[in-house]
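The structure appears right after this line, and notes come after that.
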Amino acid sequence: MALQLMTERWSGKISVVSIGATKEELGTRTHTIRIGGEESLPCLFQEAPIPNKPAIAFEIWDIAPSDWLDELNKVYGNVLNDPLKWAEKCVKEFKAQSLCIKMQGAHPDFGNRSEKEEAALVKELLKRVSVPLIILGCGDDTKDNLLLPACSEAAKGERCLIGSAVGDNYKTITASALADGHSLIAESPIDINIAKQLNILISDMGLPLERIVINPTIGALGYGLEYAYSIMERARLAALSGDKTVASPFVCFVGQETWRVKEAKTDHPEQGIIWETLTSTALIQAGADLLVMRHPKAVEKIDKYIEELFNHK
Amino acid sequence: MALSGLDIYKLLPKTNCKECGFATCLAFAMQLAKKAVAIEKCPYLSLEAKANLEASSLPPIKLITIGAGEQKLEIGNESVLFRHEEKFHRPCGIGFIIEDSLTDSQIIDKLDKINSLTFERVGQKLEINLVAIRQINDGKRFSDAVKIISSKTSLGLVLMAGDLSGLKLALELTKGKNPLIYHATRENLSQVAQLAKEYKSPLVVYGQDLEKVAELTIELTSQGVTDLIIETANKPIADKIWDLTQIRRLALKKSNRALGYPALVIVEQDDPFEEIQEAATYISKYAGIVLIKGFESWQVLSLLTLRQNIYTDPQKPLQIEPKLYPIGSVNNKSPVLITTNFSLSYFTVLGEVEASKIPAYIMSVDTEGMSVLTAWAAEKFTPHKIAESINKFALAEVVTHKKLVIPGYVAMMSGELQDESGFEIIVGPKEAAGIPSFLKNL
Ligand code: SF4
């Protein structure tokens, strides 16, 4: 008797979010990154289409990070002092397909750089590199409400991904994304209901759900990874079952979480790299669509892993 | 999966002869479904129907034991597809493959390394489970290698031999240790089944695909060999995930007995990163045993941590005993830091305090295992609760300085806590990583 396999018939589908506008779309990027679009759980290609591979963005900062570990400083060296050179190194040497710039230096505690300065940096960055861009605020709500509109405008028409919108601070940034043609990161603290609510609030302002990416806030391997893992699985199951309000791709900030754990500080240079690699690996299995990472070797390994996953029957 | 009354009715003779004490076969079936009567009450049940009914009361994925004694590995009895639905019950066994083509001293070297691979994280011991010996040379060499390995480890053994005489020798040498036999195929089925029976050992069943595996397990169980672990051929990662997912789905959702066993995967990957990534993938996706070759401590620590994360009970976060913990050579002037009794919070703080090399007390408050912010939101980490713990642990008698460091995230409770406790409150860093520099400047 032939074995009857069990294939789920899902009614829902994750929305496709595009990052980066090319010339044809009146931007200046050389390519567009598409994430999402899954009609099944991770890697179950036999069940339903999974049209887009997870994407990776290199994390860069506007200022030289003071607390990055030697393992990272060794790799980037002097360019950490110059965000433009840093960006170029990622693109040229490490073949970055997209970059995520964090405006850490705008934070009142980290130099309080003005929104004007940061907007100018975004403009310059767009000239120097042609990959799609993710722009992150500094995490201080008041400052971000000045900073992000300025950066958004500076990148008008480039279809960036900007963030993060949070439950009690989403209006200004949503309005900017709407006005300047960007997509938005909606951040919720490992809570599926908050993620839903926030998506609804944002889409009520007119930004279509197809322009939202969820940041479920992850923990590193050994530091709460399993919470994000299960929240992502639950959200994915809900989305595939037809709940459009959580049917957004996931962005996971793996680099920032893994490069501060105890294990990354040991004498084994590989320990930190494998920590970033394995955290990313597990999150891909939970449904991650975009990974923001730091170490080029971890990126290389994840890149290869993704290629292998998509090389199936 | 349990059968419904109607399912059972279909298996009954439907003659309504009343000998079971019920008016109809249907009435009897309904009682059987509730497990209110014994199957034996009906004298006319066919053997096949009886076997079917008995099987339906067994767990959908059979529990298999490998090895003996304290370090034996038990896998199976899983009940869900996603950990949030309940939990994954029995952590996937992780083992290392050693080939018999190594010299004796190389084998001993490897074993010494393997024996040193134990770690502790958040109060739990992380351990590997199995050593697999793979035959490359002849059967004699294989059994010699097994002899060395078996004398030097108490971990469960996997005997990977194509040469059946070597396998028999090895089984003779490891009597009582309950090793896992690897593996039965279409070609060697009856001979290997015979060995598994003779030595009462669990057995890996190998087939190219799920259908072939299912055919073999059916044959084996009919021969009385039922402690099985299943394996499909090596294939690209996503195709392997598909196999593993189908095994779990069919066993749980379709009561497929032929696939109701734990699954084994061997990772054949030379790059140490890619090896661990692949192994981690299968641990996340339903593998019961994963065998690898590399055993650098950085590889193994990350893999064991991943397994610990995936197999943590989502309903029961790891907790530690709420207590005042002295770290280093403390005295009555040492600083006191408070945190919750959520293991991760406590051990993260502990790691940083240890790293600072400054002796300190960590007071872990009973928050029912919730983390700082969650506990604060759920009112389990309130000034009142903390003040209670201060009294309970007689903090005022342990230290003389009457100062308390609280996590940066709950700075807002400072005033109230000061009033409640009579201690001066110092707001510490938000992230544990800031603790060393904070303590140095205190
Ligand atoms: S004894 Fe068996 S056949 Fe007779 S009524 Fe009961 S169930 Fe039916």
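The values are calculated or read from the model by the stated rules, or taken from the named source; none is laboratory data. A quick note: this is a predicted structure, and the numbers were derived from the prediction, not measured. Note that each Cβ is placed from the backbone with ideal geometry, even for glycine, and that neighbours are counted across all protein chains shown. Just so you know, the surface numbers come from the protein's heavy atoms only, side chains and all, with ligands and any DNA or RNA stripped out. Shrake-Rupley method; radii C 1.70, N 1.55, O 1.52, S 1.80 Å.
A Cβ distance below 9 Å, combined with a sequence gap of six or more or placement on separate chains, defines the contacts here; from the stretch A:1-16, residues that are free of Cβ contacts under 8 Å to residues at least 60 places away in the same chain reach residues that are among the aromatic types (Phe, Trp, Tyr) and surrounded by 15 or more Cβ atoms within 10 Å (Cβ to Cβ) in the pairs A:Leu5/B:Trp242.
Can B:Val192 be described as at pLDDT 95 or above and open to solvent by less than 70 Å² (accessible area, probe 1.4 Å)? Criteria met by B:Val192. Only one of the listed residues (B:Thr174, B:Thr153, B:Thr118) is open to solvent by 10 Å² or more (accessible area, probe 1.4 Å), touching a strand residue (DSSP E or B) at 6+ places or on another chain (Cβ under 8 Å) and farther than 30 Å from B:Tyr346 by Cβ. That residue is B:Thr153. The set of residues from the stretch B:344-372 being within 20 Å of B:Glu420 (Cβ to Cβ) and part of a helix (DSSP H, G or I) comprises just one member, B:Val372.
Scanning the stretch A:16-55 for residues that are open to solvent by 10 Å² or more (accessible area, probe 1.4 Å) and among the β-branched types (Val, Ile, Thr) returns A:Val16, A:Thr22, A:Thr28, A:Thr30, A:Thr32, A:Ile33, A:Ile50. Scanning the stretch A:262-300 for residues that are surrounded by fewer than 24 Cβ atoms within 10 Å (Cβ to Cβ) and closer than 14 Å to B:Asn309 by Cβ, we see that the one that is farthest from the other protein chains (Cβ to nearest Cβ) is A:Glu263.
For the stretch B:252-264, filtering for residues that are at the interface with chain A (Cβ under 10 Å from one of its Cβ atoms) and either open to solvent by 10 Å² or more (accessible area, probe 1.4 Å) or more than 15 Å from B:Pro59 (Cβ to Cβ) (or both) leaves 5.
Restricting attention to the stretch B:165-189, the residues being at pLDDT below 95 and of a type in the set (Phe, Trp, Tyr) number 0. Just one residue in the set B:Phe393, B:Phe423 is open to solvent by less than 70 Å² (accessible area, probe 1.4 Å) and either touching a residue at least 60 places away in the same chain (Cβ under 8 Å) or touching an Asp or Glu at 6+ places or on another chain (Cβ under 6 Å) (or both); that residue is B:Phe393. In the set (1) surrounded by 15 or more Cβ atoms within 10 Å (Cβ to Cβ); (2) modelled with pLDDT under 90; (3) more than 16 Å from the ligand (Cβ to nearest atom), B:Leu53 fails one condition alone, (3).
Residues in the stretch B:1-15 that are of a type in the set (Ser, Thr, Tyr) and either more than 12 Å from the ligand (Cβ to nearest atom) or without any contact (Cβ under 8 Å) to a residue 24 or more places away in the chain (or both) were compared, and the one that is surrounded by the fewest Cβ atoms within 10 Å (Cβ to Cβ) is B:Ser4. Suppose the filter is within 11 Å of another protein chain (Cβ to nearest Cβ) and basic (Lys, Arg); does A:Lys313 pass it? Yes; evaluated as a whole, the condition is true for this residue. Against the conditions (1) free of Cβ contacts under 8 Å to residues at least 12 places away in the same chain; (2) within 15 Å of the ligand (Cβ to nearest atom); (3) touching a helix residue (DSSP H, G or I) at 6+ places or on another chain (Cβ under 7 Å); (4) open to solvent by less than 50 Å² (accessible area, probe 1.4 Å), B:Phe82 satisfies every one except (2). The condition (being without any contact (Cβ under 8 Å) to a residue 60 or more places away in the chain, closer than 26 Å to A:Thr258 by Cβ and open to solvent by less than 20 Å² (accessible area, probe 1.4 Å)) is satisfied by just one residue among A:Asp144, A:Asp82: A:Asp144.
Go through (1) within 14 Å of chain A (Cβ to nearest Cβ); (2) in contact with a Gly (Cβ under 8 Å, 6 or more places away or on another chain) for B:Val372 and report which single condition fails. All conditions are met except number (2). For the stretch B:307-322, the tally of residues that are crowded, with 16+ Cβ neighbours inside 10 Å and part of a loop (DSSP other than H, G, I, E, B) stands at 6. Whether a residue is at negative phi and open to solvent by less than 10 Å² (accessible area, probe 1.4 Å) was assessed, and B:Gly207 passes this test.
B:Arg249 - would you say it is closer than 18 Å to B:Ser79 by Cβ and either modelled with pLDDT of 95 or more or open to solvent by less than 10 Å² (accessible area, probe 1.4 Å) (or both)? For B:Arg249, the condition - closer than 18 Å to B:Ser79 by Cβ and either modelled with pLDDT of 95 or more or open to solvent by less than 10 Å² (accessible area, probe 1.4 Å) (or both) - is met.
Of all residues in the stretch A:57-89, which are out of contact with any Lys or Arg (no Cβ under 7 Å at 6 or more places or on another chain) and either within 14 Å of chain B (Cβ to nearest Cβ) or polar (S, T, N, Q) (or both)? Within the stretch A:57-89, A:Pro65, A:Ser66, A:Asp67, A:Trp68, A:Glu71, A:Asn73, A:Asn78, A:Asn81 qualify.
Every residue, every condition in (1) in a loop (DSSP other than H, G, I, E, B); (2) in contact with a Gly (Cβ under 6 Å, 6 or more places away or on another chain); (3) within 10 Å of the ligand (Cβ to nearest atom); (4) closer than 21 Å to B:Leu259 by Cα, yes or no:
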{"position": "B:Cys17", "(1), (2), (3), (4)": "yes, no, yes, no"}
{"position": "B:Cys20", "(1), (2), (3), (4)": "yes, no, yes, no"}
{"position": "B:Ala27", "(1), (2), (3), (4)": "no, no, yes, no"}
{"position": "B:Lys35", "(1), (2), (3), (4)": "yes, no, no, no"}
{"position": "B:Glu48", "(1), (2), (3), (4)": "no, no, no, yes"}
{"position": "B:Pro60", "(1), (2), (3), (4)": "yes, yes, no, yes"}
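Close Cβ contacts (under 9 Å, 6 or more residues apart or on different chains) running from residues in the stretch B:35-46 that are open to solvent by 40 Å² or more (accessible area, probe 1.4 Å) to residues that are among the basic types (Lys, Arg) and near the ligand (Cβ under 10 Å from one of its atoms) are absent.
The number of residues in the stretch A:11-63 that are outside any strand (DSSP E or B) and not charged (D, E, K, R) comes to 27.
Consider the stretch B:387-429 and keep the residues that are touching a Phe, Trp or Tyr at 6+ places or on another chain (Cβ under 6 Å) and of a type in the set (A, V, I, L, M). The one that is modelled with the lowest pLDDT is B:Val410.
When the test is whether a residue is more than 10 Å from chain A (Cβ to nearest Cβ), open to solvent by 30 Å² or more (accessible area, probe 1.4 Å) and not in a loop (DSSP other than H, G, I, E, B), B:Pro326 passes it. With the checklist (1) farther than 30 Å from B:Leu244 by Cβ; (2) open to solvent by 60 Å² or more (accessible area, probe 1.4 Å); (3) more than 21 Å from the chain's Cα centre (by Cα) in hand, flag the one item A:Lys92 doesn't pass. With (1) farther than 30 Å from B:Leu244 by Cβ; (2) open to solvent by 60 Å² or more (accessible area, probe 1.4 Å); (3) more than 21 Å from the chain's Cα centre (by Cα) applied to A:Lys92, the lone miss is (3). With respect to the conditions (1) touching a Gly at 6+ places or on another chain (Cβ under 8 Å); (2) under 20 Å from B:Lys403 (Cβ atoms); (3) within 13 Å of another protein chain (Cβ to nearest Cβ), B:Gln308 falls short on a single one, namely (2). Looking at B:Lys212, B:Lys235, which one is within 24 Å of A:Ile306 (Cα to Cα) and either within 14 Å of chain A (Cβ to nearest Cβ) or surrounded by 20 or more Cβ atoms within 10 Å (Cβ to Cβ) (or both)? Sole residue among the options that is within 24 Å of A:Ile306 (Cα to Cα) and either within 14 Å of chain A (Cβ to nearest Cβ) or surrounded by 20 or more Cβ atoms within 10 Å (Cβ to Cβ) (or both): B:Lys235.
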